[in-house]
1. I'd like to know if the stretch 187-197 contains one or more residues that are over 30 Å from Gly294 (Cα atoms), under 22 Å from the mean Cα position of the chain (by Cα), crowded, with 16+ Cβ neighbours inside 10 Å and of a type in the set (D, E, K, R).
2. Across the stretch 64-80, which residue is surrounded by the most Cβ atoms within 10 Å (Cβ to Cβ) among those that are over 29 Å from Glu243 (Cβ atoms) and under 23 Å from the mean Cα position of the chain (by Cα)?
3. Pick from Ala19, Ala42, Ala55: which is among the hydrophobic types (A, V, I, L, M, F, W, C), more than 29 Å from Gly194 (Cα to Cα) and over 22 Å from the mean Cα position of the chain (by Cα)?
4. If a residue must be touching a residue at least 60 places away in the same chain (Cβ under 8 Å) and among the polar types (S, T, N, Q), how many such residues does the stretch 229-287 contain?
5. What is the number of the single condition among (1) touching a residue at least 24 places away in the same chain (Cβ under 8 Å); (2) of a type in the set (S, T, N, Q); (3) part of a helix (DSSP H, G or I) that Ser64 does not meet?
6. Listed residues Val113, Val56, Val50; which is among the β-branched types (Val, Ile, Thr), closer than 30 Å to Pro237 by Cα, part of a strand (DSSP E or B) and in contact (Cβ under 8 Å) with a residue 12 or more places away in the chain?
7. Across the stretch 81-104, what is the number of residues that are over 19 Å from the mean Cα position of the chain (by Cα) and outside any loop (DSSP other than H, G, I, E, B)?
8. Select from the stretch 242-297 the residues that are of a type in the set (Val, Ile, Thr) and at pLDDT below 90 and list them in ascending order.
Amino acid sequence: MAAAEPLRLTVARCALDSAVICTTVATDELQLAVDLGRTARAAGFGCIAVLPFDAVAADGLDASDRGLLALLPPPTPPLLPRPQFCGKQYLSRRRQFHRMRLWRMLLEAGFHVLGVDPMLRLDRNPLPALGVLRVRADGLQVAGEAYLGAGSSPDVVGGTPGFSLKQIYTYCVWLRSTPATRLLLAQAEARTFGGQDAQVLSEELNWGAGANASCCHSNCLAKQFSVAKPPPAPARPCASQAELPLAPPPPNRTRNTWPPPGTAKAWKPAAYNALPMAAHHFGRCTGRDVACSGLHETCPPPPPPYTRQAALAESRRKRGGAKKKKVGQT
């Protein structure tokens, strides 16, 4: 933990109850971070922790705005994507690398992390709402596995997943600093060099390095923020590199159906690995029936447990809607 001490000293003024709001920015997104920092200050946080992709010129900000940001030094060497991501995916891919790096560093420094994208704006202090969330304790199981930490405050809270991809979204995630989450982020950061951050984070949380972290998902996270309209994106030169650190393979216990090692589409440590939608599977942290329990006044009620009967009812509703639409078109 000695390496985390300089970061701890830099970020300490941002913390509220050991929790830190953090984000990552390109050099032309610094004003987005300032605007996020203003809402964080209004919610009771001293500032926000910011990891820029490259060196930023904060001298252009006035003193009050600079005080809203705990600017960390950009990674050395820079975290650059492979040439295939030059274009529309360039900014997103760089953010994935920096997001995983920043969350891992802050957790190792002992801070709880609310990691957000720079376009989000805090509507209120989110900690009271997060504080009432609990891992479900109603006896349900996911794929035969009992909930870890049932009834406890979760180590990881994601927004309600995209149920087609069956993974949590990384634009806003709550992580408590525990041995389990520190292991999780160390592995997720390493694997993001070979895959999408949301996919590898969810996979490691469900079945890999984060398997001892308690978790659930909640619509409550989204209710703590509003979303700012980002300014038009300027043309960005594409700095890339062909060789990245080798990315570890999926965990042995994964339920996602990766092609077998040695086949053409198997996980390749030195390449970007995409998993087809049909190969994703629900896990203990992302299934429909693992929404957090607990209710804060700012949050919608958690959904009822997802049962086979509910699935059949939803299927009938969709078929009925499709029939009505077809009749209307004839």
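1. Yes, there is a match, as at least one residue in the stretch 187-197 is over 30 Å from Gly294 (Cα atoms), under 22 Å from the mean Cα position of the chain (by Cα), crowded, with 16+ Cβ neighbours inside 10 Å and of a type in the set (D, E, K, R).
2. Step one: list which residues in the stretch 64-80 are over 29 Å from Glu243 (Cβ atoms), which gives 64-70.
Narrowing further to those that are under 23 Å from the mean Cα position of the chain (by Cα): 68-70.
Details: Leu68: 22, Leu69: 24, Ala70: 22.
Taking the candidates together, the pick is Leu69.
3. Ala42
4. Qualifying residue count for the region: 4.
5. (1) is the only condition that Ser64 fails.
6. Working: Val113 fails: closer than 30 Å to Pro237 by Cα; Val56 fails: part of a strand (DSSP E or B).
Going through Val113, Val56, Val50 in turn, just one is among the β-branched types (Val, Ile, Thr), closer than 30 Å to Pro237 by Cα, part of a strand (DSSP E or B) and in contact (Cβ under 8 Å) with a residue 12 or more places away in the chain: Val50.
7. 3
8. Taking the stretch 242-297 first, the residues of a type in the set (Val, Ile, Thr) are 254, 257, 263, 286, 290.
Thr286, Val290, listed by residue number.
The values are calculated or read from the model by the stated rules, or taken from the named source; none is laboratory data. Note that this is a predicted model, so its numbers are computed, not measured. Here the Cβ is made from the backbone with ideal geometry for all residues, glycine too, and neighbour counts use every protein chain on show.
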